[in-house]
1. Of everything in the range 38-63 that's closer than 13 Å to Arg4 by Cβ and out of contact with any Pro (no Cβ under 9 Å at 6 or more places or on another chain), which residue is surrounded by the fewest Cβ atoms within 10 Å (Cβ to Cβ)?
2. Could you tell me which numbered condition Gly10 fails, if it satisfies all but one of (1) in a strand (DSSP E or B); (2) touching a Gly at 6+ places or on another chain (Cβ under 7 Å); (3) modelled with pLDDT under 95?
3. Residues being surrounded by fewer than 15 Cβ atoms within 10 Å (Cβ to Cβ) and hydrophobic (A, V, I, L, M, F, W, C): count how many of those fall in the range 16-37.
4. Given the criteria over 17 Å from Leu102 (Cβ atoms), of a type in the set (Val, Ile, Thr), surrounded by fewer than 18 Cβ atoms within 10 Å (Cβ to Cβ) and in contact with a Cys (Cβ under 9 Å, 6 or more places away or on another chain), does Val13 qualify?
5. Against the definition (out of contact with any Phe, Trp or Tyr (no Cβ under 6 Å at 6 or more places or on another chain), assigned to a loop (DSSP other than H, G, I, E, B), charged (D, E, K, R) and closer than 16 Å to Gly10 by Cα), how does Lys72 come out, yes or no?
6. Filter the range 99-122 for residues that are surrounded by 12 or more Cβ atoms within 10 Å (Cβ to Cβ) and assigned to a loop (DSSP other than H, G, I, E, B) and give the result.
7. In the range 86-96, is there at least one residue being assigned to a helix (DSSP H, G or I), under 17 Å from the mean Cα position of the chain (by Cα) and closer than 23 Å to Arg113 by Cα?
8. Going residue by residue through the range 73-80, is there one that turns out to be over 30 Å from Met1 (Cβ atoms), in contact with a strand residue (DSSP E or B) (Cβ under 7 Å, 6 or more places away or on another chain) and exposed (fewer than 15 other Cβ atoms within 10 Å of the Cβ)?
Amino acid sequence: METRKFTCLGCPVGCSLTVYIENGEVVKVEGNQCNIGIDFAKQEVKDPRRKVTTTVKIRNGVHPLLPVYTDKPFPKGMIMELVKELRKIEVEAPVKMGDIILENALGTDVNIRASRSIKRNG
């Protein structure tokens, strides 16, 4: 039986989890204070995902960078590839908070959205 340790990211408590895995399946979770920890452990073993926040360039805006985020958790193993793609993007101001900046990023059904509104310069 394989044993792995995680810090749960499911809620602000951040429980230290010990996860027991047999044949690729989670069979036991210890250290969780709530059921969120069990769900987190199962997700982390099968398909780890993270919310991603970064910036993209914006033309003619009152700021040079636009903060953006993934609207759903993104596959952890693809984050560096996503960041490389986002470095290539330059949007035109104005932009409203929540606007989709990149739809279906890398074919994952996760959209990249603007975290704030940025007005046009001038």
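The values are calculated or read from the model by the stated rules, or taken from the named source; none is laboratory data. This structure is a prediction, so every number in the text was calculated from the model and none was measured. So basically every Cβ, Gly included, is an ideal-geometry build from the backbone, and we count neighbours across all protein chains shown.
1. Among residues in the range 38-63 that are closer than 13 Å to Arg4 by Cβ and out of contact with any Pro (no Cβ under 9 Å at 6 or more places or on another chain), the one surrounded by the fewest Cβ atoms within 10 Å (Cβ to Cβ) is Lys46.
2. With respect to (1) in a strand (DSSP E or B); (2) touching a Gly at 6+ places or on another chain (Cβ under 7 Å); (3) modelled with pLDDT under 95, Gly10 is out only on (1).
3. 2
4. Working: over 17 Å from Leu102 (Cβ atoms): yes; of a type in the set (Val, Ile, Thr): yes; surrounded by fewer than 18 Cβ atoms within 10 Å (Cβ to Cβ): yes; in contact with a Cys (Cβ under 9 Å, 6 or more places away or on another chain): yes.
Yes; evaluated as a whole, the condition is true for this residue.
5. Working: out of contact with any Phe, Trp or Tyr (no Cβ under 6 Å at 6 or more places or on another chain): yes; assigned to a loop (DSSP other than H, G, I, E, B): yes; charged (D, E, K, R): yes; closer than 16 Å to Gly10 by Cα: yes.
Spelling it out, Lys72 is indeed out of contact with any Phe, Trp or Tyr (no Cβ under 6 Å at 6 or more places or on another chain), assigned to a loop (DSSP other than H, G, I, E, B), charged (D, E, K, R) and closer than 16 Å to Gly10 by Cα.
6. Just the residues of the range 99-122 that are surrounded by 12 or more Cβ atoms within 10 Å (Cβ to Cβ), to begin with: 99-102, 105-106, 108, 110-121.
Across the range 99-122, the qualifying residues are Asp99, Thr108, Val110, Asn111, Ser115, Arg116, Ser117, Lys119, Asn121.
7. As a first pass, look at the range 86-96 and keep what is assigned to a helix (DSSP H, G or I): 86-87.
Adding the requirement that they be under 17 Å from the mean Cα position of the chain (by Cα) leaves 86-87.
Still in the list and also closer than 23 Å to Arg113 by Cα: 86-87.
Yes, there is a match, as at least one residue in the range 86-96 is assigned to a helix (DSSP H, G or I), under 17 Å from the mean Cα position of the chain (by Cα) and closer than 23 Å to Arg113 by Cα.
8. Scanning the range 73-80, I find no residue that is over 30 Å from Met1 (Cβ atoms), in contact with a strand residue (DSSP E or B) (Cβ under 7 Å, 6 or more places away or on another chain) and exposed (fewer than 15 other Cβ atoms within 10 Å of the Cβ), so the answer is no.
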